[in-house]
Amino acid sequence: MSKTEAHNSNVRYADDFVIICHTQEQAYSMYEKMAEYLNKRQLSLTAEKTKVTHIKDGFDFLGFNLRQYRKNNGKTKLLIKPSKESIKKAKHAIKDVFRRANGRPVGTLIPELNPIIWGTGYYWNKVVSKRIFDVIDNYVWLKTRKFLNRLHPKKNKDWKAERYFKPDHYGISKDKWILTDPEDDTRQITKMIWIPIVRHILVKHDYSPDNPQLKQYFEHRDEKEFKSSNVLHRQKMAKFQKYKCRVCGQSLIGDEDLDLNHIVPQKVGGKHHLYNLELLHVSCHIQHHQLLEYYGGGKQYNRVREFFSKHGIAPSSKDGATMMKKSFKKFNYAVRE
């Protein structure tokens, strides 16, 4: 395992790599050959990050620890886990957020914590990391308890529990103890344990997405890819939409980012609940709101308000969202001159 570096007045290049050999002799031989090969190209191996080791002793690489373990039946198995250093860095990042948020409202803490929890979790979720997810969630819980005690030193635990811990707003998780912004119950902390462990499966060598007979196979892979990189409520919305964008009819899975759209606009009483939310491509979301404003009578959507009043349906209800979606079918999403 090694890192190469090159320097000149304008460029600094670095890369990490692992060379796997059958014997220790082969490993040292490759080390010498690689050093010579790189020197000719004005590259060098970094001594402090280069080592020869046996897989039974394991090694760290890109935030993971790779090691071969012996099972009870005498056989061996390679396990890849988050490295101790990687776990330490994640805890330090979480600790730093709590430190910066000391004395500030919970509403400012949650948006800073969630990207760290989800980003780290999704980086780790392809390897053996379920136990580590529990460790991180417990660490966040301990920091949260300490944070709330400092924020409200004179309040008892029942008061803090009632004010700051609520069930999952989207109703997907059964956890009833989720740190929640008391000013906005849609803003809740996420937990790493919610992230599914997903093993990467290679595409079969002779399979092509251009083959119409394999359409179902690649759709299934796309769904698994979406689930592995999106939070639970977005997964549920995508599944309900059959992984299609309502505006363009194309797949939600791809390079374009996705936006949450309120089916019944919040300006006319629509709620931030799953039944009133959908996923749209960013460009489709912009186009939808342009047409919604055009058909709805301006930015305040006066015609939309009249529409609900005429039918006697509350905009905040499920029936209101259903009726609104039916009306969208009349929208002409073709580009207007």
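Shape of the stretch 255-300 from its Cα gyration tensor (a ≥ b ≥ c, root eigenvalues): rounded if a/c is under 1.5, otherwise prolate when a/b > b/c, or oblate?
Values: a/c = 3.16, a/b = 1.18, b/c = 2.68.
Since a/c reaches 1.5 but b/c is at least a/b, the shape of the stretch 255-300 is classed as oblate.
With θ set to phi - 60°, apply the Karplus curve 6.51 cos²θ - 1.76 cosθ + 1.60 along the stretch 297-314 and write out the HN-Hα couplings as whole Hz, x wherever there is a Gly or Pro.
Result, ordered by residue: x, x, 5, 8, 6, 4, 5, 5, 4, 5, 4, 5, 4, 4, 8, x, 10, 6 Hz.
Cut-off under 26 Å on the C-alpha distance; same-chain residues fewer than 8 positions from K325 excluded. Which lysines are left, in chain and number order?
Cα-Cα hits under 26 Å: K227, K236, K239, K242, K244, K267, K271, K299, K310.
Kindly express, to the nearest 10 degrees and within the range 0 to 90, the angle between helix 215-228's C-alpha long axis and the longest C-alpha principal axis of the chain.
Result, in degrees: 90.
Compute the normalised compactness of the chain: alpha-carbon radius of gyration over 2.2 N^0.38 Å, N being the residue count. Intermediate values should be presented prior to the final figure.
Numbers: Rg = 26.2 Å, N = 337, 2.2 N^0.38 = 20.1 Å.
Taking N as the residue count of the chain, the ratio is 1.30.
Could you state the angle between the C-alpha long axis of helix 106-124 and the longest principal axis of the C-alpha atoms of the chain, as a value from 0 to 90 degrees rounded to the nearest 10?
Roughly 50 degrees, rounded to the nearest 10.
With a ≥ b ≥ c taken as the square roots of the eigenvalues of the C-alpha gyration tensor of the stretch 143-205, please select rounded if a/c is under 1.5 and otherwise prolate if a/b is larger than b/c or oblate if it is not?
Numbers: a/c = 3.82, a/b = 2.55, b/c = 1.50.
Since a/c reaches 1.5 and a/b is larger than b/c, the shape of the stretch 143-205 is classed as prolate.
Over all alpha-carbon pairs in the stretch 92-156, figure out the percentage whose distance exceeds 15 Å.
Working: 1117 of 2080 pairs.
Value for the stretch 92-156 (Cα pairs over 15 Å): 54 percent.
Can you pull the accessible area of Y31 for me, 1.4 Å probe, Å² to the nearest 10?
100 Å²
Does the stretch 271-337 classify as rounded, prolate or oblate by the C-alpha gyration tensor (a ≥ b ≥ c root eigenvalues; a/c under 1.5 gives rounded; else a/b over b/c gives prolate, otherwise oblate)? List each step's numbers first, then the result.
Working: a/c = 1.99, a/b = 1.30, b/c = 1.53.
Oblate is the answer for the stretch 271-337, as a/c is 1.5 or above yet b/c matches or exceeds a/b.
Using the charge dipole of the stretch 197-337 (Lys, Arg: +1 at Cβ; Asp, Glu: -1 at Cβ; taken about the Cα centre), state which of L258, F308, S228 has its Cα farthest towards the positive end.
Farthest along the dipole direction, towards plus: F308.
Tell me the angle of helix 318-328 to the major Cα principal axis of the chain, expressed in degrees between 0 and 90 and rounded to the nearest ten.
90 degrees
Taking all pairs of different Cα atoms in the stretch 53-183, averaging 1/r and flipping that mean, what Kirkwood radius in angstroms comes out? Let's see the in-between values first.
Values: mean 1/r = 0.0590 Å⁻¹.
Here the Kirkwood hydrodynamic radius works out to 16.9 Å.
Can you tell me, using C-alpha contacts under 8 Å and at least 6 residues apart, the relative contact order of the chain as a whole percent?
Values: 382 pairs, mean separation 31.1, N = 337.
Taking the mean separation of contacting Cα pairs over the length of the chain, I get 9 percent.
Which trypsin sites (Lys or Arg not before Pro) from the stretch 70-154 combine a DSSP loop assignment with at most 14 other Cβ atoms within 10 Å?
Taking the stretch 70-154 and a limit of 14 other Cβ atoms within 10 Å, the loop trypsin sites (Lys or Arg not before Pro) found are K71, K75, K126, K154.
The values are calculated or read from the model by the stated rules, or taken from the named source; none is laboratory data. Treat the numbers as computed from the prediction; the structure is a model and nothing was measured. We place every Cβ from the backbone using ideal geometry, glycine too, and count neighbours over all the protein chains shown. Side chains included, ligands, DNA and RNA excluded: accessible areas come from the protein's heavy atoms. Shrake-Rupley method; radii C 1.70, N 1.55, O 1.52, S 1.80 Å.
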